[in-house]
1. Taking the Cα atoms only, what angle lies between the long axis of helix A:398-407 and the longest principal axis of chain A, rounded to 10 degrees?
2. With N set to the number of residues, divide the alpha-carbon radius of gyration of the range A:297-426 by 2.2 N^0.38 Å and report two decimals.
3. Can you tell me the orientation of helix A:624-645 relative to chain A, as the angle in degrees between its alpha-carbon axis and the longest Cα principal axis, to the nearest 10?
4. Round to the nearest 10 and give me the degree value, 0 to 90, for the angle of helix A:649-658's Cα axis relative to the longest principal axis of chain A.
5. Which three extents, in whole angstrom, do the alpha-carbon atoms of the range A:475-612 cover along their principal axes, largest first?
6. Beyond 22 Å, what share of the Cα-Cα pairs of the range A:138-250 remains, rounded to the nearest whole percent?
7. For the range A:156-209, I need the span (max minus min coordinate) of the C-alpha atoms along each principal axis, in Å, sorted largest to smallest.
8. What number does the range A:184-242 give for Rg over Rh if you use C-alpha atoms and the Kirkwood radius?
RNA sequence: GGGCGCUUAGCUCAGCUGGUUAGAGCGCUUGUUUUACACACAAGAGGCCGGGGGUUCGACUCCCUCAGCGCCCACCA
């Protein structure tokens, strides 16, 4: 069978989309019900519904697709569940900005309902973009089960979980200090705050008999408690006393309190506290029962407590207050070079104000539920899930990071003062906030729903199981709903806990930790058995990719230019779990070349008519090359399967790459080209290629599928599989009379790696390379046929057998002898450890070679003499700088080495 | 301050539980229109595996230490 209609170069954008469509419509992305192995499931970390595909998504999709495709081919019912995230603050911010630009209106002006309609419209229109882009990547996820964090089922789940937690006393409303973004007008969780180092003025202020330091004088208006360390001798006399102190807005009555919170070595060792605007001070105030008075309001302006500064925004107030302090002579000095960690909002970069506010919290320390026969807190359970080994984190070192974070976890503030998201299912009686009902439906007309929404991570935390639940019934409670879904045949029963959670290490805390926290609570089981963390993609210099630096790479551009397969390889190969990797275009181009290489191996096989296809794997394989490639393939299958199992995708991919290019293409195909072997021999190529592209398919689904279809159409392989994507994973076998597997190093002789066949073939390769080397060194073009004598005892039979192969690949006719030829005239020689090569040249040619040699040798000799003379010159040695002498010595050594080599290789 | 990672060829990186001659891609040098591929082929150059010390028959690999780079967490009034 031949097919001459194959493009010379693989053209990904001509085939990828249609291949994807065929896969998707065939239903192969849905779990195979006939498969009877243990199920494999993976929840896709949902990209933001309004985002576009970036490299972070691309890596995620590439790795997860590898996992899913591998599992599928291994015969496991495989579910990779896709979805999108409403990304509350991020989306709301975006729409807010657009709105302001478009119609110069704020969201408040528009009103809640209309604004939410805007947001939902925007989501609906942009959601499809990212879904299309995910398909471009080749992601084999089950679109029939696609979910959205704000869809009906998930919203219900979120609210039901809230209610359950409230009833269990795990969600409470509290007046506490929180991080407040004055731009978003909302609270932020601890980990939604970022810190930016910057220079700030640091003021030393006279406060009665002591000096206090601060970078934020505007918060200090009402300060009247001085904390000093109990062991601090300087302030011993004051402890417990109170005195009148002239201060910003008149005189305040200040008291001294001893607490170890004060650092004796920092500043003056004395500090005043601002309970309403500092986490540490808030705790101290609670501890001692001090008054907590708000100075800064949610609008970022000073409240009426700020006296004459009330109404000023923070910056203004700072200036005014510093002026006032200066006027009163209370400024001792100002340090201009103070490095300050400014806290900013992770979404909009606005400085964050810690302030006291009434919010909803999840308690992580209260006893929550039974876990291993003991009632334990959310935190304890989440710690145990990893400590016990039930959840395995890859790479392991992130266990420690996880424990550290979990250990120091505080109660989680879950209410956000934004509109887009899951509204808190709490209803207040009008005019009385303390009279409220927690329920999904309104309890009555005189009730109003809490205007706040839930932290976006609250819904994400339920992702692995909430996406597997069926449609809730009207009167379902969380428990009845879950109970029903635990029944045999239901997705939750089949696929939860999920097998793997794959994501970037940057959201270990945001997401992974919270999923563990919430899922163990709701279901009493872990959300996933393994967490695989990938690293971040950086540019070639190792910098983060960002819009402002303009160093970003758009994965879609790369797919367009080089194909999805090449793009995927560039994101997975040469990387390891948990480590960042660098990406640049040449790297992708390199993998494009590889894809093209595979294409051309297939093209060769498809277009060469000399070979009879192998109908069935058979035992009659007697040629060394056949045995060798078969042995290599079997090793490849066993090695790469092991790597896949251990999540070592980079290693697996590189080994397949190496096999296809450097074993199959460079040697097997080359040999098969030039041997006039009997039909049926050297014709394993189609089958070997098939096995290899199966192994590679999870990495490069498109090109391998395209090749498979063409091999099938050309009847070069025997298969009933509709798609390569749904074919069976290769198994290690001894078919084709393959030799036994390469084993671990033997105990008695560690040098005897590999099989006999592979060793023999290696020697053959060495011989061919050595002859080619001689051709290059002596400038002997391949157009000139040559004769050579190979002297070897050890490999006499091998070389004699492989005479034709050697001749075809080197254009040198060889004669194999057990010893060196007697007549050595006109021979050039090369020596290897187990054989010697003597190539016969014509008398003329030989003379020319000798001349070349002698000229080169003479030049080197002269150079060495000069250097030696220089280095024995006392003057030079005494006066020249050390590094120059060293350089000269090195030059001499190099030259001597070169000469030795030259003489050696030209010996006749 | 606490924790973690990295340092291997010019560049970007592999190298699993210690064991052949330390590998790959790109780049470089030389040659080649060899009937799959110039997105190619062939050959080659290039490495005290960050420094020092230790364990071992044997260390890129394990331990200690120093140096440089990077990340995460905490956060100082």
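No lab work stands behind these numbers, since they all come straight from the coordinates. Just so we're clear, the structure is a prediction, and the values are computed from it rather than from any experiment. Cβ placement follows ideal geometry from the backbone for every residue including glycine, while neighbour counts extend to all protein chains displayed.
1. 10 degrees
2. Working: Rg = 22.4 Å, N = 130, 2.2 N^0.38 = 14.0 Å.
The reported ratio for this selection is 1.60.
3. 10 degrees
4. Around 20 degrees separate the two axes.
5. 66, 54, 27
6. Details: 4247 of 6328 pairs.
Value for the range A:138-250 (Cα pairs over 22 Å): 67 percent.
7. 54, 29, 17
8. Working: Rg = 16.3 Å, Rh = 14.8 Å.
So for the range A:184-242, dividing Rg by the Kirkwood Rh gives 1.09.
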